[in-house]
Amino acid sequence: MKKIYERTAAILFLASLWIVLLSIFLIKDKEYSENENRYLTTKPDISMEDVSSGKFMDTFETYLNDQFPLRDKWIAFKTDIQRLFGKTDINGTYLGSDGYLFEKWTENDFNLENLQKNIDSIKKFVQINNDKKGTILIVPTSSLPLQDKLPKNAPIFNQNKAFDMIYSNLGRDCEQIDIRPMLDAHKSEYIYYKTDHHWTTLGAYLGYTEWQRQNGNLVELSDYNVTLATSDFKGSLYSKVLNRNSALDEIYIYDKIQQPTYKVEYNFGKTQTDSVYHLERLNEKDKYQVFLNGNFPELTISTDLNNEKHLLIFKDSFANAFIPFLLSDYETIHVIDLRYFKGDLNDYISQNNITEYLFLYNIKNFCEDTSIPMIGSL
Amino acid sequence: MVFSSTVFLFLFLPTFLTIYYICPSKLRNAILFTASLIFYAWEEPIYIFIMLFSTIFDYANGLLIEKSKNNITKRVIVIISVIGNLSILCFFKYSDFFITNINFVCNTNINLLKLVLPVGISFYTFQTMSYTIDVYRKKVSAQKNIINFAAYVTMFPQLVAGPIVRYKTIAKQLNKRQETISGFVYGIRRFIIGLFKKVMIANNIGLLWETIIAGNLDTLPVATAWIGAISFSFQIYFDFSGYSDMAIGLGEMIGFHFLENFDHPYIAKSITEFWRRWHISLSTWFKEYIYIPLGGSRKGMAKQIRNLLIVWGITGFWHGASWNFIFWGLYFGFLLIIEKLFLLKILEKTKPILRHLYTLFFVIISWVIFAFEDMTQIAQYIKAMFGINQAGMFNAETLYLLSNYILLLIICVLLSMEWQKTRLAALLASRAKWVRSYFTMLLFAALFIVSISFLIGDTYNPFLYFRF
C-alpha cells in the first residue's frame, strides 16, 4: 500500500513539473497581455554575450513567468486566496463595497513639492494669458465622493488638502470650478466606474453642468439622448486585482439632440473622424477609449458654429468623457495632453486664435504630473 | 537562482531530477556538481570561479593535512586554509564596511569597492573551513575524490542560504548513499512546506511590515509598531526556516540527510533555549569552531563571559557588514550572559507563560535591531513601540491593518507552534494509513498550488496608463 502511494506521489510531482515546462515551450507564445496593458516577453534567442552578461538569464526568467500556462487564472486564484484572508488592499487597490474598487492613495504618496510646482506653473500661465478667459476644473478621485464605500478605516489621502491648495493659490484671473459639492450631492448615483479609476459620463455631465451653472447657463438632461454603449466594461482597477466576481461597468454615451456638425482631427490632422465616440474601441479591453479614441498629444474639434469662441484644453484622460459636452459651445476646441505634446505651445496658441482655455485634470494626476511645468516656462 | 522562482521549479528541478535518476550512481555526484554550477552561474557567471577556487584550495589543504606527518605542518596548513577562507569572505563581504569606518575615524577618503556580494559566500566558506578543521582534528578523513568534494562545496540545495552542512554530517553520504522512494517523497513534502512558508506566509506577512515602515516612524502608534515588529519576526522566521525546509527537502530527494536548522524557536522559554532552536547549524558551527576552542565554559566565569561576547559579536557580524548586526549579536550575548549568571535560575521558578513572554519580548526587540541598518531608525522604532514618540496607542490605520492581516497573523502563530507532539497529531496518526496518505497528498497538492499562484501572482505587473 505504502509503496503504491509513494510511487504515485513521486510521479505526480515530477510529471506536474514537466507538464508545466513543456506547455510553456510548446504552446505558442502570447504576445500581449490586455489585463496588464503590456507586451509579454517571448522566447529569447541565446547568445554567448547575453549569457555571460546575465542578460539572457533575466529575459529567460521573465519569459517563463510571462508565458506561464493559464497565467491570469493563477493570478485570479491568488486574489481569491487573499480575499479569503480578509484582505481589502490588493496590488495598491482597495476593494470597497458594492463592487467598487479604489486607487490606494495615501498620505505617503502625496508629493507636496510637485503639486506646488504645478500650481506655480499654472499661475504663471494665467498671468501671461490674462487676455483670455481661463478656467480650472479639477476632478476628485472616486475615494472622495464615494468615501462611504471604502473599506472601513482604510488609510487614504485627504484630497481636500490638495484642492484647498490649488484653489487658494490660484487667483481670480482664473475661474475655479469646484465640482466637489455637486458630485457629493449625487454620490448615490453612478458617477464613477466601479472597476476603473475614471468618472462615468454622468459624472462628466455633472461636471459640465456645474461649469455652465457658474456661467449662468442651465443644462437640461432632456436635451440629451442617453444610450448604453456597453455593459461589460472591466477597467484599470479590475486589471490590478483580477477578482473573479468583479462588477461589470456600463458605459453611456450622451448625444445632444440639437448639435452642430463637427469633425475631429487627431494629432495635428494626421487622422480625422466625424465622431468623438469610437464605438470600435468597445471591443477592446480598455473600453474607456470609446471617448476620443484614447489619449493623443493634440486634437482639434471644429464645429460649424461661428461664435468666434476657440477653446484650448490642457487635460488628462478624465477630460475625454467631458469634451463631448462642449461640442455645441465652441467653434473650435483644441485639446492638448501635455504628457505627450512635443510642439511649441506659444506658436500653437497664437496660430489658433485661442480665446479661452481650460485646465481639466483629475486631482491625483494633477498632484503627480510632471509635464505641467512645461506651460509655466513659455 | 532561488528556489521560489519559476525557472528553478519548472525548468531546473524537473530536468535535474530526471537526469540524476536516469544516470547510474557513479555519475550522480558529477551531475550534482554540474547542476550546482549551472544553478550558481544563473545568477552570477563570474563568481563561479571564486567558488571553484575555494573548492580546489580546500581539497588540496585537506589532502595535505592528512598526508603530512609533522604536526606543525598540519597546523600551518589548517591555518592557511582558515586564513584563505576568511580573506575571501572578508574581502567580498566586509571591505566596504571597513573602508567606511576607516574613512570616518581617520577622516580619509578611500573609495568604496562596491563589490556585489557573491551569493552564498558566507555559507560555503564556513563549510569548507569545517572540512579542513575536522580533517586536522582527525574527525573525518580527507576526501580523495575531487568530484565528491566539489559536489559537497557547491551543492545547490544548501548553497544560497544554508543550512551550513558540516562536512562530517554528510561525509559518508557523499561517497555512498542510498536514494529511496520514501526519502524522495519526504523530500517533496519538506520542499512544499518550505515553499509555502516562503511565498505564502513570509512574503505576505512581510507586506505588513513594509507597509508599516513605509510611513513616518515618528508618528507610529504603539500598537502599530508592535504589529510591525511581530510581523517582521514572523517574516524572518518563515522566510529563513522555509528556505531551510526547501534545502533539506531537496537534499532528501537525492538521498542526503542534512541536520535540522530550526526547531520551533518561538516556543522557547528562554533566550538560551531560543538559540538552541534558531538557525541551529550556525550556532553549532560557532560553538564547535570558536566557542569551544576559546575554552568555552571550562575556564571560569570571567573567561566564559569573554568567550560569549566574542562569539556573539562575530555571530552578529556574520549576518551582515553593518554595525546594527554587531549590536544585534552583542545584545544576545549580554542576554545569554545574564541568563547564565542568574536569570535562568529565577526563570525556572516562574510560570511558563511568563518565561515565554519574556523570551518573545526580547526576541521581537532584537529583530527591530536586525531590521534597520540605520541606528536612528532603530531608535525611532523602539521609541514608537514604547509610546515615547507620543503618537498614541493606535489609530484607524492600526484597525485597518489588523482587519487585513489578523487571519494571516493567527496562521503564523499556529504554524510557529509544535503540533507534532500534541494529541491531535497522535489522533491523526492513528487513523487508517491509506486515508492519511491520500489526504496528505491532497493537502500537499493544495499547498503547492497555492504557493504557485503566489509565485506567479508576484510577477503580475500591470502597466496601466501608458503604452509605448
Can you confirm whether segment B:151-171 contains a residue that is more than 20 Å from the chain's Cα centre (by Cα) and at pLDDT 90 or above?
-> yes
Which residues, taken from segment A:56-72, are on the phi < 0 side of the Ramachandran plot and either among the aliphatic types (A, V, I, L, M) or more than 9 Å from chain B (Cβ to nearest Cβ) (or both)?
-> A:Phe56, A:Met57, A:Asp58, A:Thr59, A:Tyr63, A:Leu64, A:Gln67, A:Pro69
Does A:Ile27 fit the bill of being open to solvent by 20 Å² or more (accessible area, probe 1.4 Å), more than 8 Å from chain B (Cβ to nearest Cβ), under 28 Å from B:Leu17 (Cβ atoms) and modelled with pLDDT under 90?
-> yes
Somewhere in segment A:3-17, is a residue under 41 Å from the mean Cα position of the chain (by Cα), within 7 Å of chain B (Cβ to nearest Cβ) and under 15 Å from B:Leu11 (Cα atoms)?
-> yes
Could you please give the count of residues in segment B:421-468 that are more than 10 Å from chain A (Cβ to nearest Cβ), modelled with pLDDT under 70 and part of a helix (DSSP H, G or I)?
-> 4
Only one of A:Gly96, A:Gly92 is small (Gly, Ala, Ser) and touching a strand residue (DSSP E or B) at 6+ places or on another chain (Cβ under 6 Å); which?
-> A:Gly96
Please find, among A:Phe318, A:Phe325, the residue that is within 14 Å of chain B (Cβ to nearest Cβ), in a helix (DSSP H, G or I) and either open to solvent by 20 Å² or more (accessible area, probe 1.4 Å) or under 20 Å from A:Thr200 (Cα atoms) (or both).
-> A:Phe318
Quick one: which helices (runs of 4 or more DSSP H) sit completely within segment A:103-192 and have at least 1 residues that are within 30 Å of A:Asn346 (Cβ to Cβ) and out of contact with any helix residue (DSSP H, G or I) (no Cβ under 6 Å at 6 or more places or on another chain)?
-> A:112-128, A:159-169
Long-range neighbours under 7 Å by Cβ, at least six apart or interchain, first residue more than 20 Å from B:Phe126 (Cβ to Cβ) and touching a residue at least 12 places away in the same chain (Cβ under 8 Å) within segment B:286-308, second surrounded by 14 or more Cβ atoms within 10 Å (Cβ to Cβ) and of a type in the set (Ser, Thr, Tyr) = B:Gln304/B:Ser297
Starting from segment A:339-355, keep only residues that are closer than 19 Å to A:Asp316 by Cα and of a type outside the set (Asp, Glu), then list their pairs with residues that are open to solvent by 50 Å² or more (accessible area, probe 1.4 Å) and not in a loop (DSSP other than H, G, I, E, B) whose Cβ atoms are within a distance under 8 Å, requiring at least 6 positions of separation or different chains.
-> A:Phe341/A:Met374; A:Leu345/A:Met374
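Scan segment A:333-347 for residues that are open to solvent by 20 Å² or more (accessible area, probe 1.4 Å) and either in contact with a strand residue (DSSP E or B) (Cβ under 8 Å, 6 or more places away or on another chain) or not hydroxyl-bearing (Ser, Thr, Tyr) (or both) and jot them down. Reasoning before the result, please.
Restricting attention to segment A:333-347, the residues satisfying the condition of being open to solvent by 20 Å² or more (accessible area, probe 1.4 Å) are A:339-340, A:342-344, A:346-347.
A:Arg339, A:Lys342, A:Gly343, A:Asp344, A:Asn346, A:Asp347, listed by residue number.
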Residue in segment A:188-207 that is more than 27 Å from A:Ile333 (Cα to Cα) and more than 18 Å from the chain's Cα centre (by Cα) present = yes
Among the residues of segment B:172-181, which ones are open to solvent by less than 50 Å² (accessible area, probe 1.4 Å) and either of a type outside the set (A, V, I, L, M, F, W, C) or within 22 Å of the chain's Cα centre (by Cα) (or both)?
-> B:Gln173, B:Arg177, B:Glu179
Considering residues of segment B:144-185 that are of a type in the set (Ser, Thr, Tyr) and in contact (Cβ under 8 Å) with a residue 60 or more places away in the chain only, the residue nearest to the other protein chains (Cβ to nearest Cβ) | B:Thr180
Residue check, A:Ile46 against (1) within 11 Å of another protein chain (Cβ to nearest Cβ); (2) exposed (fewer than 13 other Cβ atoms within 10 Å of the Cβ), all met but one. Which one?
-> (1)
Of the residues in segment A:50-94, those that are over 28 Å from the mean Cα position of the chain (by Cα) and among the charged types (D, E, K, R) come to A:Asp50, A:Lys55, A:Asp58, A:Glu61
Does segment A:207-216 hold any residues that are of a type outside the set (Asp, Glu) and open to solvent by 10 Å² or more (accessible area, probe 1.4 Å), and which are they?
-> A:Thr209, A:Gln212, A:Arg213, A:Gln214, A:Asn215, A:Gly216
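A quick yes/no check of all residues on (1) touching a residue at least 24 places away in the same chain (Cβ under 8 Å); (2) of a type in the set (S, T, N, Q):
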{"position": "A:Arg213", "(1), (2)": "no, no"}
{"position": "A:Thr227", "(1), (2)": "yes, yes"}
{"position": "A:Glu250", "(1), (2)": "yes, no"}
{"position": "A:Asp255", "(1), (2)": "yes, no"}
{"position": "A:Thr261", "(1), (2)": "yes, yes"}
In the list B:Glu339, B:Glu348, B:Glu273, B:Glu252, which residue meets the criterion of being in a helix (DSSP H, G or I), more than 29 Å from B:Arg190 (Cβ to Cβ) and either at pLDDT 90 or above or open to solvent by less than 10 Å² (accessible area, probe 1.4 Å) (or both)?
-> B:Glu339
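To keep it simple, each residue is scored yes or no on (1) of a type in the set (A, V, I, L, M); (2) touching a Cys at 6+ places or on another chain (Cβ under 8 Å); (3) surrounded by fewer than 18 Cβ atoms within 10 Å (Cβ to Cβ).
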residue: A:Lys117; (1), (2), (3): no, no, yes
residue: A:Phe125; (1), (2), (3): no, no, no
residue: A:Asn129; (1), (2), (3): no, no, no
residue: A:Lys133; (1), (2), (3): no, no, yes
residue: A:Leu137; (1), (2), (3): yes, no, no
residue: A:Lys149; (1), (2), (3): no, no, no
residue: A:Lys152; (1), (2), (3): no, no, yes
residue: A:Asn160; (1), (2), (3): no, no, yes
residue: A:Phe163; (1), (2), (3): no, no, no
Out of the residues in segment B:165-220 that are of a type in the set (Val, Ile, Thr) and in a loop (DSSP other than H, G, I, E, B), which is farthest from B:Leu455 (Cα to Cα)?
-> B:Thr180
Does B:Ile378 fit the bill of being outside any helix (DSSP H, G or I) and either more than 26 Å from the chain's Cα centre (by Cα) or over 25 Å from A:Asn153 (Cβ atoms) (or both)?
-> no
Search result, residues across segment A:73-98 that are of a type in the set (Ser, Thr, Tyr) and facing chain B (nearest Cβ under 9 Å) = A:Thr79, A:Thr88
Considering each of B:Ser54, B:Ser5, B:Ser36 in turn, give the residue that is touching a residue at least 12 places away in the same chain (Cβ under 8 Å), within 23 Å of A:Ala10 (Cβ to Cβ) and away from chain A (no Cβ under 11 Å).
-> B:Ser36
Only one of B:Ile201, B:Ile213, B:Ile188 is within 14 Å of chain A (Cβ to nearest Cβ), open to solvent by 30 Å² or more (accessible area, probe 1.4 Å) and of a type in the set (A, V, I, L, M); which?
-> B:Ile213
Kindly indicate whether B:Phe361 is out of contact with any strand residue (DSSP E or B) (no Cβ under 6 Å at 6 or more places or on another chain), assigned to a helix (DSSP H, G or I), crowded, with 20+ Cβ neighbours inside 10 Å and away from chain A (no Cβ under 14 Å).
-> no
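The values are calculated or read from the model by the stated rules, or taken from the named source; none is laboratory data. Please read all numbers here as calculations on a predicted model, not as lab measurements. Cβ coordinates were reconstructed from backbone atoms using ideal geometry, including for glycine residues, and neighbour counts include every protein chain displayed. Each accessible area value is taken on the protein alone, full model and side chains, heavy atoms only, with ligands, DNA and RNA left out. Shrake-Rupley method; radii C 1.70, N 1.55, O 1.52, S 1.80 Å.
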